[in-house]
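> Sharing a structure with you now.
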Amino acid sequence: MKIILAIAKKGDNMKEIYLLSSSSYNIINLQIKEIAVGNENITYHSLNDVTIYDCIDDASYFGLLDDDRIIVIKDVKYFGGKFNYEEETNALYNFLSSIDDSVKIIFVCDSIVKTKDITKKVISLGAKIFDLQDLTLDAINEVIANYVTDSDLVLDNDARDLILKNSLNNLDVALKDIEKISNINKHITVSLVDEYGIKLESVDTFEFSNAVISKNFNKAFSLLDKLFSSGIDEFQILGVLASSYINMFMVRDAVNHGLGDEEIAKKLGYSGTGRVYVMKKNSKIYTTEDLKNIIIDLSNLDIKLKTGYNAKYEIKEFLLNL
């Protein structure tokens, strides 16, 4: 799959820098695989776990026997949103300006704004942009076709169309469904999709999460049943809940330490203060200690699910104890 939306022309001193953005983890992984073809010397970092300065230090280090390196930095906020992060982006640009041909840097971005100063600067260094947040149907079909070929499957066109309809055109869900059905028969037909495929309803995990946070339990239990009947992964449900409560706790803690909305947004990597407002509003019915205990409970729930406990039962028990 090669869907490149903006590429600086290759010339002297052009750097091997890539900016990727997509809501699909399959798309991100495919793009990384294409960029890294033939090179397994890949290091991954997340800016949720380390700072950009840690990434720069790691990318700057080479042993005498090091081969060409690829550094993948995920959860990058610098190339999108409203904030400039001047100190960090200056350090990043100075580093990127000095890298040589033995290093490829891949940034997995929350979003990409081509008019931002730092984005324009890295494009001038030769950065290639893969902004795939809004996939066309043709692009989705291309990814599916490549997956089917690589997996040695046969997928009828009408079966593919039905899978996409049932998955609400969610590429990651569609690929997961194809993989599941292929365990039954490698020639996937409409009848197999009807019998074994998932059928997502027009409900998402964020709607469920909002119901849980507001303690609208009648709605939360109803949505949870719909999510499970659609075949959604329980860890996706858990992840959205954990993200919501962790963000509420971090915003509450920042407020308790006297930070203003704009400073909180910048420190937490939000694109603006709107999300700070939402977190403050959602957390009003909880104390700081409540939020801390809920996060611990979600961590324990994660361990239970990973060790074979019944997901539907355990998540419902978690809701009952809120």
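> Tell me the residue from Ile70, Ile28 that is in a helix (DSSP H, G or I) and either closer than 25 Å to Asp150 by Cβ or among the charged types (D, E, K, R) (or both), please.
One residue alone meets the criteria, Ile28.
> Out of the residues in region 223-252 meeting the condition of being modelled with pLDDT of 90 or more and among the polar types (S, T, N, Q), tell me which one is surrounded by the fewest Cβ atoms within 10 Å (Cβ to Cβ).
Selected residue: Asn247.
> Return the residue satisfying two criteria in turn: it lies in region 81-105 and is open to solvent by less than 40 Å² (accessible area, probe 1.4 Å) and hydroxyl-bearing (Ser, Thr, Tyr), and of such residues it is modelled with the highest pLDDT.
Thr89
> Could you pull out the residue among Lys292, Lys215, Lys267 that is farther than 27 Å from Val50 by Cα, open to solvent by 30 Å² or more (accessible area, probe 1.4 Å) and basic (Lys, Arg)?
Lys215
> On to the next question. Under 9 Å between Cβ atoms, at least 6 apart or on separate chains: pull out the pairs that start in region 117-146 with a residue that is in contact (Cβ under 8 Å) with a residue 12 or more places away in the chain and at positive phi and end on any residue that is surrounded by fewer than 19 Cβ atoms within 10 Å (Cβ to Cβ) and not hydrophobic (A, V, I, L, M, F, W, C).
Here the result reads Gly126/Lys9; Gly126/Lys10; Gly126/Gly11; Gly126/Asn13, each pair linking region 117-146 to a residue that is surrounded by fewer than 19 Cβ atoms within 10 Å (Cβ to Cβ) and not hydrophobic (A, V, I, L, M, F, W, C).
> Further, regarding this structure: Looking at the structure I just gave you, is Leu168 open to solvent by 50 Å² or more (accessible area, probe 1.4 Å) and at positive phi?
Judged against the criteria, Leu168 is a match.
> Could you please let me know if Tyr78 is under 30 Å from Asp261 (Cβ atoms), surrounded by 12 or more Cβ atoms within 10 Å (Cβ to Cβ) and at pLDDT 90 or above?
Yes; evaluated as a whole, the condition is true for this residue.
> In addition: Would you check which residues across region 42-59 are surrounded by 12 or more Cβ atoms within 10 Å (Cβ to Cβ) and not β-branched (Val, Ile, Thr) and list them?
Tyr44, His45, Ser46, Leu47, Tyr53, Asp54, Cys55, Asp57, Asp58, Ala59
> Please work out which one of (1) out of contact with any strand residue (DSSP E or B) (no Cβ under 8 Å at 6 or more places or on another chain); (2) part of a helix (DSSP H, G or I) is the condition Ile144 fails and give its number.
(1)
> Only one residue in Val148, Val173, Val154, Val190 is among the hydrophobic types (A, V, I, L, M, F, W, C) and open to solvent by less than 20 Å² (accessible area, probe 1.4 Å). Which one?
Val148
> Out of region 176-187, which residues are surrounded by fewer than 16 Cβ atoms within 10 Å (Cβ to Cβ), out of contact with any strand residue (DSSP E or B) (no Cβ under 7 Å at 6 or more places or on another chain) and under 18 Å from Asn146 (Cβ atoms)?
If the condition is that a residue be surrounded by fewer than 16 Cβ atoms within 10 Å (Cβ to Cβ), out of contact with any strand residue (DSSP E or B) (no Cβ under 7 Å at 6 or more places or on another chain) and under 18 Å from Asn146 (Cβ atoms), then Glu179 is the only one that fits.
> Using the structure shown, decide if Thr115 is within 30 Å of Thr51 (Cα to Cα) and either surrounded by 15 or more Cβ atoms within 10 Å (Cβ to Cβ) or among the hydroxyl-bearing types (Ser, Thr, Tyr) (or both).
yes
The values are calculated or read from the model by the stated rules, or taken from the named source; none is laboratory data. Owing to the predicted nature of the structure, the values given are computational and were not obtained by experimental measurement. Positions of Cβ are backbone-derived with ideal geometry, glycine not excepted, and every protein chain shown enters the neighbour counts. Surface accessibility is based on the protein's heavy atoms, side chains included, excluding ligands, DNA and RNA. Shrake-Rupley method; radii C 1.70, N 1.55, O 1.52, S 1.80 Å.
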